[in-house]
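Notes to accompany the following structure.
All of the numbers you see were taken from the coordinates with simple rules; none came from a lab. Predicted, not measured: the structure shown is a model, and the values here were computed from it. Here the Cβ positions follow ideal geometry from the backbone for every residue, glycine too, while neighbour counts run over all protein chains shown.
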């Protein structure tokens, strides 16, 4: 028996339907798979291309030290990558302006000409145009075809170049927008996410370049400006003044240099501290800058091609103004007046009000100058001349000042030779007790310069030059050592002859202020005492009041120190300088020396009153007194009557060379051996 | 030829003539017919498919290509809407072929040999389109342009000024969008 087949009556139509659905599902599955694969391929491709682009942009950013160098290449890379028609950049100036930096790229300059022209050299204010909107909002903006055709401010130019879309991007450093990038395309900008990703990363690289550029500019600025006042420093001033000098016409006229020094600045520093000094400098710089700007503005109103001034701080309290393009001496003089006026109002330091004065030296360029440094030196000299007057003010360099300078410089050079070749010699002027027996009590060592051509030169002929040239320290040291040596030798001989120590003559040695205020001075004195073996008690160091004026604290310290070793101290030229009683009270002196000018005018009762007062004062302070410059017997007698114990002068004994001077105290038989 | 072209052709044939028509066409052309958009296939296979369709439908291969181009546009729109949406007119869409569409095609299919269309202004105000390709498929381009016009609701008049199929070195097509 044949089994019946299963009743599978295939419905052909249904099967076809099923198969068609199956095919359709397969088809759709394939399409989906393709779409997924295509998306992956597309993303892979785009990220590869984008990475390559960013690599090129990063390389470019790493190579470039300045923005203008990098921006052109970055714009080109982005435009080529995006297939955009035109790219340009704006630097942000201040807070509200995007200024075209005339950097742009287009593959078709001729076709894009109208838009390039409408864009380069443009400035957009915040909110204005596409760059202005990016600037205002600090985020990207897109402009599509519709907006481009209706409200875009460069729409005519854009339309004539076939532009259909535009976008703008900020370049940010932290929260600060520093640059705006703007791109135009002749097609719609579709994949905004991809564009954003790419341009944002390019912007980051550009921001790095700008940051580096800023760091370099800051370094450069620091190198060329004074950090405290923000003014140009010596380096920048030198650069500018050299450039200005090189531009001068053949007549070399048109440049003026003003050297300005603050009077009383050191006293403020000493009294209130460096912080106060800094406040004074900063305020002074501010007022100078204001005055200079006002002067320049003022003259520009009358003449459009006026002078230009550069103010610089070149040293502690020294400022320089270089005036370029001046006609005649008036502008510099006027400016000097303005600077002095601007410092008339006191400067506030915390609760105190202080005043500083100015010494200003001016020099004008002329045919005699071959370098700006010479001009500067002459202005310096004029400033010192102004300062030496004591009350500041303005001095313009003149030929006679120049002659003086040349003479002084020649003298300085000769003095250098003299120090090297030991052309100095010491003379000794005896100092006597003014009593009946007129006993010789000591000598004052006085320097003479045994000039190879001029013969013996008195100190007045070279000490000022030595002081100005800083040579006084060397000369002073030589005097100190030489005098101590000679005195030690003398004492040795006298002691050998049986003279009691109490009868030995002392040596009085002049110490210049510069020498005295050297930080190593007291140590140096100690060394000389040790090395020469002179008795400290028989050494008197004479300083003038000037020392105490310059630095009272240090003066007191040094005086105390040398006195602790037994050395005596003497205040020279008393009565001529500031003669402040407070100095006398606070400074440890043993002796006062009445200045020769009072002795010379002793006929005048006024002088006698002063001498009387000095003697009373000295007596009260327990100081011995030596009268200098006694030239007549009468003067000597009168001083003795007034109670002055000691004196020196031509009448008593002229300064003599060592042998002759010491002969005064050596026994007859010994003199030839001196 | 990129597989996507075969897929589009299949879709167009299926849409107009039914599922089995594509199978018949493959049979006529003597082809296996497994095409995926990710692959590349010999140009000759397209030509054999077009020739088979030409024989079956009794129209020239050029007419087949033109029909295919025109029919492919709605299919392309389904697959790649992003190429269409930025444009408001067919003219704008067509103009973007070199700069947008073909670069995009190259992103998907590395090494795709996309033709370059040189657009220029003709003296009579029409747009000139010069095309030169060993595939000599100017009729496909013709169809694409018509399809684009259909899609955007524009009218275009297309004239072949010269044609490689007629022995000219280059195909020159004039487009008149002014209507």
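The C-alpha atoms of chain A define a longest principal axis, and helix A:472-496 lies at about 30 degrees to it.
A simple spin-label model places the labels of residue A:553 and residue A:388 3.1 nm from each other, with each point 7 Å out along Cα-to-Cβ. Between helix A:234-246 and chain A, what is the angle of the helix's C-alpha long axis to the longest principal axis, kept within 0 to 90° and rounded to the nearest 10? Roughly 90 degrees between the two axes. Using a Gaussian network model of chain B in which every pair of alpha carbons under 10 angstrom is joined by a spring, one finds that among B:82, B:49, B:165 the greatest mean-square fluctuation is at B:82. Computed from the Cβ-Cβ distance with R0 of 30 Å, the FRET efficiency linking residue A:286 to residue A:175 stands at 0.50. Measuring between their Cα centroids, segment B:25-48 and segment A:557-578 lie 118 Å from each other. Distance from the C-alpha centroid of segment A:402-471 to that of segment B:99-152: 105 Å, rounded to the whole angstrom. Helix B:3-17 and the longest principal axis of the Cα set of chain B meet at an angle near 80°. Secondary structure note: in the protein assembly as shown, about 75% of the DSSP beta bridges are antiparallel.
Summarising the strand pairing of segment A:410-668, around 45 percent of its internal DSSP beta bridges are antiparallel. Taking every DSSP bridge with both residues inside segment A:559-667, close to 10 percent are antiparallel. Run the numbers on chain A and let me know its relative contact order in percent, using alpha-carbon pairs under 8 Å that are six or more apart. Normalised by residue count, the contact order of chain A is 7 percent.
Which whole-angstrom value gives the distance between the alpha carbon centres of segment A:303-352 and segment A:624-641? Their Cα centres are 52 Å away from one another. In terms of packing, defined here as the mean over residues of other Cβ atoms within 10 angstrom, the peptides A:647-659, A:596-608 line up highest first as A:647-659, A:596-608.
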